[in-house]
Structures are given as C-alpha cells and as structure tokens.
1. Let me spell out the model: positive unit charges on the Cβ of Lys and Arg, negative unit charges on the Cβ of Asp and Glu, origin at the Cα centre of segment B:143-218. What dipole size does that give, in debye rounded to 20?
2. Compute the Rg to Rh ratio over chain B from the alpha carbon atoms, using the Kirkwood formula for Rh, and round to two decimal places.
3. Can you grab the distance from the C-alpha centre of segment B:195-262 to the C-alpha centre of segment A:162-231, Å, no decimals?
4. Could you work out the mean projected area of the convex hull around the alpha carbons of segment A:12-230, in square nanometres to one decimal?
5. With each label point set 7 Å from Cα along the Cα-Cβ vector, what nm distance links B:ILE255 and B:ALA236?
6. What relative contact order, as a whole-number percentage, does segment A:1-125 give when Cα pairs under 8 Å and 6 or more residues apart are counted?
7. Name the residue from B:ALA250, B:MET227, B:PHE262 whose Cα lies farthest towards the positive end of the charge dipole of segment B:206-262, charges +1 on Cβ of Lys and Arg and -1 on Cβ of Asp and Glu.
8. Which whole number gives the average, over all residues in B:127-135, of C-beta atoms from other chains lying within 10 Å of the residue C-beta?
Amino acid sequence: MHIMEGFLPSPWWQIWFIVAIPFLVLGLYQLKKLFAEKRETIPLLAVAGAFVFVLSSLKLPSVTGSCSHPTGTGLSAILFGPFITSILALIVLIYQAIFLAHGGLTTLGANVFSMGIAGPVVAYALYMAGKKASLNTFVNVFIAATVADLFTYVVTAGQLALAFPAAEGGVMASFTAFLAIFAITQVPLAIIEGVIIALVFKYIIDVRPDILVKLNVLTQNTVNRIREAAA
Amino acid sequence: MIDEHLLDDLALQNGLLEVDARLKLAVGIGAILIGVFSPSPIAPLAIAASMAVLTIGFARIPARIYAALLAIPVSFVFMSIIVILFMTGGGEPLWDIPILGHTFSLTTDSANLAVLLLSRTLGGMCSLFFIALTTPMVDIFSVMNRLRLPDEFIDLSMLIYRNIFVLIGESIAIHNAQVMRNGYSTFRRSIDAFAMLAGMLFVRAWEKGEEMLVAMDARCYDGKFQMIEEERRISATGIATATGYLCACAGLAVIFRSFSLF
C-alpha cells in the first residue's frame with residue numbers, strides 16, 4: 001500500500017524523510033563496508049533487489065477484484081535481514097515510482113519507513129523468534145510474512161492519521177477509521193501473501209535448499225527434516 | 001500478469017528524449033514541490049493540466065496509456081478521501097448522514113481539504129509521470145553520478161536495473177508455460193502456481209547472480225563501474241523555459257493562496 005504523490009501535506013512528508021534517513025544512512029554505511037570486505041555479495045544483492053521489484057510488480061491472485069501486488073519486503077527481510085532490505089526497498093520504491101507510477105517522490109520517506117523499515121523489522125524479529133521456539137518452518141514463514149504485511153498497513157494508517165486527525169477524538173479516531181477502511185483490501189491480501197511466501201519456501205527447499213542454508217535462514221538439520229517428512 | 005507497461009520502454013522513445021535530463025528532472029521535481037506546498041487547489045490543477053499537455057503533446061506518449069496510468073492511484077485515493085471527508089471536520093456543516101444511529105457530517109473544511117488533496121495528488125502524479133515518461137533511467141543514473149551520490153548506491157541501482165529486465169523475461173516465460181498447463185484455472189491452483197513462479201524466480205535470480213559474479217571477476221571488477229560522461233551544457237533557452245514555467249506555477253500558488261471551493 002503506497003501513499004501516493006502529493007497526498008501527505010507539509011510538514012509530514014518531511015518528517016517521515018527525517019525519520020527514515022538515520023536507518024538509511026546506517027544501511028548505506030554497512031553496504032559500503034560489505035562492498036569493501038565481501039565483494040562477492042554485490043551481484044547477489046543486485047539480483048535480490050531485482051527479485052523484490054519483479055515480485056512486487058506481479059499481480060496477485062485476487063479475491064476482491066482490486067488490483068493487488070505483494071510487497072515482497074517480508075520475504076526479503078527473512079532472507080537477507082532487515083538492514084539490507086531497507087536499502088533494497090529504497091531503490092525498489094524509487095523504481096516503482098519511476099517505472100510503474102506507484103507511490104511518489106515526496107511520499108518516498110513515509111513509504112520507505114512503512115514498507116522498507118517497519119514491516120521488514122517485524123518480519124525478521126518474528127521469524128527469528130519462531131525459529132528459536134522451533135516452530136514449524138512453513139507456519140513460521142506464514143506468520144512472519146502476514147504480520148509484516150499487516151504491520152506495514154497499520155503504519156501507513158498511522159501515518160495518514162497523524163497527518164489528518166479527526167475533529168472529534170483526534171488522531172486515535174482517524175487511525176481507527178483508516179485501519180477499518182484499509183482492512184477491506186489489506187487483510188485478505190496479507191493472508192494470501194503469507195500463504196504464497198510459505199509455498200515459495202517449500203519450492204526453494206525442493207530445488208535449492210543450499211541457498212537457504214548459506215544465507216543462515218535454515219540449518220542443514222531443518223532442511224533434512226523437512227525433506228524427510230515430504231519423502 | 002505484469003499488467004503495467006514498463007514506463008522506461010516508453011521513455012526511451014519519447015519526443016523529449018533529447019532534452020537534457022537535468023532540465024526535465026528539475027521541472028518535474030520543482031512542479032511536485034510547488035504542488036505539495038500550494039495552499040489552494042488551483043496551482044496543482046494547472047500543473048496537472050500542463051504536465052499532461054507536455055507528456056501527451058510534446059513527448060508523444062499515447063493518451064490511452066496515460067489514462068490507464070491515472071487509474072492506478074484511484075483505489076488508494078478513494079478510500080483515504082472517504083475517511084478525510086467524514087473525520088477531519090471543522091467549519092460549517094454541509095451534509096449530515098445518519099448511519100446506525102451515528103451522524104456523520106460533511107463540513108466545509110473537510111470538503112475543502114478533500115478537494116485540495118485530490119488536486120495535489122493529481123498534480124503530483126502528473127509531474128511524476130512527466131519524469132517517468134520522458135527521462136530514461138540511464139539518464140537519471142548520470143544525473144545521480146553528477147550529484148555525487150555514493151558510488152555503492154549508484155552501482156547497486158544499476159545492477160538491479162539490469163537484472164529487473166532479465167527476471168521479467170524469466171517470469172513471463174514461466175507464466176506462459178503455467179498458463180498453457182492450466183496453472184491459473186482455479187483460485188487454489190493460481191495460488192500454488194504463483195508461489196511456484198516466485199520460488200523459481202528466486203532460484204533463477206540466485207543462479208544469475210552466481211554467474212554474474214564469475215563474469216565480473218573475469219573482467220577485473222574493482223567495485224566501481226566507470227561511466228563515460230560527455231560534458232553537455234544545458235541550452236540557455238531550455239533554462240529560460242523551465243524557469244519561466246516553474247515561476248508561473250509558483251505565481252499561481254501565491255495568487256490563489258486563499259481560494260477555496262466551499
């Protein structure tokens with residue numbers, strides 16, 4: 001769910017840039033370090049960014065009939081961690097604005113914060129917690145991806161509510177109103193994306209489980225156990 | 001499946017391709033900023049109209065595609081505007097609607113805010129389309145380079161840009177193969193087929209990355225792509241036209257600053 005160009009008034013679009021910038025500066029600093037130390041990760045990061053972009057431009061099978069796209073950042077956070085995801089999300093969101101006319105430039109700060117920082121951090125934290133509690137891998141991925149999607153939309157509703165507080169009840173009242181109206185499309189969408197990303201995991205484990213082991217997403221033991229259970 | 005046209009394809013053959021990228025970016029971003037700061041709907045609406053004329057008339061982008069692009073923000077804008085209309089309040093009541101014992105009232109201030117936001121979004125989107133449809137990404141990279149953005153960021157952006165087209169080709173091939181095998185015939189199957197597509201896309205992407213690593217090493221990649229820049233000067237008429245246009249937009253925003261519909 002992108003906030004469209006021109007929708008956030010001053011000072012809110014500037015504020016969200018200021019909130020997002022420390023994360024991005026930190027991300028860029030770590031990217032510089034990664035480029036200097038482990039050059040072999042550069043092409044892999046590049047294909048990861050392109051993957052997130054292409055995934056987010058595919059049309060999801062839809063129930064409501066509205067045009068819906070996966071965010072892709074939940075999957076990226078599980079695979080590459082939240083910090084790399086925030087830089088990838090920044091680049092992907094600029095491309096979405098310029099290639100697909102989704103989102104905008106003044107609202108880039110707000111969109112990077114909701115889709116590139118808040119959602120991925122939640123997805124990563126949940127996935128790690130689930131892994132520690134040795135939850136079933138697919139259930140864990142489903143929960144992480146769905147909640148990350150939902151959280152992204154809660155943050156977007158919050159950003160709009162702060163910019164447009166209600167006359168009676170202030171920010172909280174308009175927050176509830178935005179949440180309620182976005183829920184119509186976003187809740188089914190988040191569940192579908194969760195199911196799909198859990199299935200994506202199944203297919204990756206079928207074909208190239210070594211990638212997931214290499215990225216520290218799964219241990220070799222878990223992969224063996226899943227493959228045995230399937231066989 | 002990939003329902004949007006990639007605007008970059010259109011940008012590479014638009015009528016304003018030869019105009020300097022810095023000039024086009026300055027006009028587009030300048031208009032976006034004037035729109036977002038304008039206190040009345042007049043300036044954003046004038047920006048939307050003039051940008052549409054520039055893009056369809058001068059850059060020769062087909063009007064049908066332009067109209068399809070304008071439909072993208074509709075669902076987001078529609079849902080948000082409803083909330084703003086009935087929640088923000090202030091001013092004189094225009095219309096009271098009783099729903100389930102509650103009275104939702106539409107007031108002059110909230111109606112004015114909704115009109116302002118609609119016009120700002122329209123102006124902003126038209127300015128964004130102007131940039132998207134007249135400036136190919138390759139030109140934007142060279143502007144980013146001149147602006148001294150971090151090399152790592154530009155390099156990663158360029159590599160992602162290249163791989164986007166590789167992966168789109170892959171996903172279209174997989175999707176066609178799935179459609180031929182009834183992959184999307186029911187809702188359940190389309191969920192499964194979509195997930196298979198995304199999973200295989202990831203595996204293919206990873207393999208492309210590994211291949212690219214070998215190729216880049218073989219060519220002694222040392223962490224920076226060299227771009228050949230030809231020193232181009234922006235024509236004086238170009239600068240004068242762009243400045244004139246932006247001043248006119250800013251002038252409209254100032255003159256009509258206290259105008260409101262209700």
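1. Taking the Cα centre of segment B:143-218 as origin, the dipole is about 460 debye.
2. Ratio of gyration radius to Kirkwood radius: 1.06.
3. 30 Å
4. Computing the convex hull of the Cα atoms and averaging its projections yields 13.2 nm².
5. My value for the distance between the label points is 2.8 nm.
6. After rounding, I find 39 percent.
7. Most positive-ward Cα: B:PHE262.
8. Mean shielding count: 3.
Coordinate-derived values only; no laboratory data. All figures in this text were calculated on a predicted structure; none of them were measured in a lab. So basically every Cβ, Gly included, is an ideal-geometry build from the backbone, and we count neighbours across all protein chains shown.
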